[in-house]
Amino acid sequence: MYPLKNGQLWPRNQWYVAGWSNEFDEAPIERTILGERLLLFRGESGRATVLAGLCPHRFMPLVKGARSGDRIECAYHGMTFDGDGVCTKGPAGAPPGGATRIKRYATLEQGPLVWVWMGQADAADPAKMPDTSRCGIATDGWRADPNGTMHFAARYMLMVDNLFDLSHIAWVHVSLLGKPTLCDQPVAVSREGCILRADRHETGPVDDFSRYLFPESVGPIQQTLGTELLGPGLITAVGPWVREAEGSPLVGKDWGQVQFVHVITPETATTTNVFSLVSRNFRLEDEGLTAALCAQNKAVLAQDCEVAGLIEAGLNEADTMSELSFRPDHGAIEARRYIQSLIDAEKAQ
């Protein structure tokens, strides 16, 4: 399925975000991830729990049931499951049967997010978690502010494409961000283990946005605008990252960076949830700056959502066309190849 090959829509043996920590409450909620209906709740034990979302007796959605302690009781016939998915009471009081259970998904809670392992249960490995310290989540010297969830009526790879070619800023987001010349700079793509980066660099005088972020900057400054893929479900837009450049009396001074963190969770083949955070390592106590950056980020995401939806709607017609790619697409093409390689490795197993 465009732009991937071989039939599989996404890598499964990965950690994806199931939801915000504060969504895991006494009242269960339902969420679809990778095409699977899931039940999310937090029992008396405090553990963030993710179970299969349908009762196996007659396929009633378990979200309609009642939570008691760490257990979920189906609203149809009272079949009950504990937090590990084991049936503790059969329908209408029948004996549960020793082998009766529903799938429980491994979870990890980190900062404001709960991650879920969507692949083979015996392959769930905390060491495969994306390195969230690189984008300031639960990291000393940073603040990371949750900024809501946005539903995209588009396949998740369109969001990957969007983030790995930030030159679209100069067209899609011109009303919000202006037309930064940094978007015209060549893309430098690099790979470090499982982390893929695409960066643009520019040296010049202090522009208005950098002056707003770093009022003490003198210039000339070097700015970096980039994208970093930390895992299939975690991509951060880095920038600007501002340092005083050669010719500045403060040459070498690193003012810091702001990152717009996109936690991308495929819902279905053609829909996606994006959990958004804004992180930075400067002016940590400035609540006014936080509010401004978060508002800007929401407005930018709304524009990206509109564009992705339009592209998704046009893909049926695009089957009759050949896709064109150009030099600025280098980062997006490498991101496609990397995610395809993860899928291919799973299929080979």
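The values are calculated or read from the model by the stated rules, or taken from the named source; none is laboratory data. Bear in mind that the values here come from a model prediction, so they are computed numbers and not experimental data. Neighbour counts run over all protein chains shown; Cβ positions are idealised from the backbone, glycine included. These area figures cover heavy atoms from the full protein model, side chains too; ligands, DNA and RNA do not enter into them. Shrake-Rupley method; radii C 1.70, N 1.55, O 1.52, S 1.80 Å.
Arrange the residues Y16, Y212, Y76 by how much accessible surface each exposes, largest first, with a 1.4 angstrom probe.
Largest to smallest exposure gives the sequence Y76, Y212, Y16.
Residues of the range 221-251 with backbone nitrogen within less than 19 Å of a virtual label 7 Å along the Cα-to-Cβ line of S190, please, listed as ranges.
222-231, 235-246
How far is it, in nm, from the label point at D25 to the one at A121 when both lie 7 Å from their Cα along the line to the Cβ?
It is 3.0 nm.
Rank these by accessible area, largest first, 1.4 Å probe: E306, E346, E30.
E306, E30, E346
To the nearest 10 Å², what's C305's accessible area with a 1.4 Å probe?
30 Å²
How much of V251 can a 1.4 Å solvent probe reach, expressed as accessible area in Å² and rounded to 10?
Taking all protein chains as shown, V251 has close to 80 Å².
If you rank W10, W255 by how much accessible surface each has, with a 1.4 Å probe, what is the order from largest down?
Greatest to least solvent exposure: W255, W10.
Any idea what % of Cα-Cα pairs in the range 131-170 are farther than 11 Å?
Value for the range 131-170 (Cα pairs over 11 Å): 74 percent.
Can you send over the solvent-accessible area of E192, 1.4 Å probe, protein chains only, in Å² to the nearest 10?
120 Å²
Per the Kirkwood definition applied to all pairs of different Cα atoms, how many angstroms is the hydrodynamic radius of the range 1-124?
By the Kirkwood definition, the hydrodynamic radius is 15.1 Å.
I need the fraction of alpha carbon pairs in the chain separated by more than 24 Å, rounded to a whole percent.
Beyond 24 Å sits 60 percent of the P(r) for the chain.
In the range 204-330, what is the volume of the convex hull around the alpha carbon atoms, normalised per residue and reported in Å³?
Once divided by residue count, the hull of the range 204-330 is 142 Å³.
For the chain, set up a Gaussian network in which alpha carbons nearer than 10 Å are linked by springs, and say which option among G141, G309, G119 fluctuates the most.
Judging by the Gaussian network model, the answer is G141.
Heavy-atom accessible area per residue, the chain, 1.4 Å probe: how many Å²?
Here the per-residue accessible area is 45 Å².
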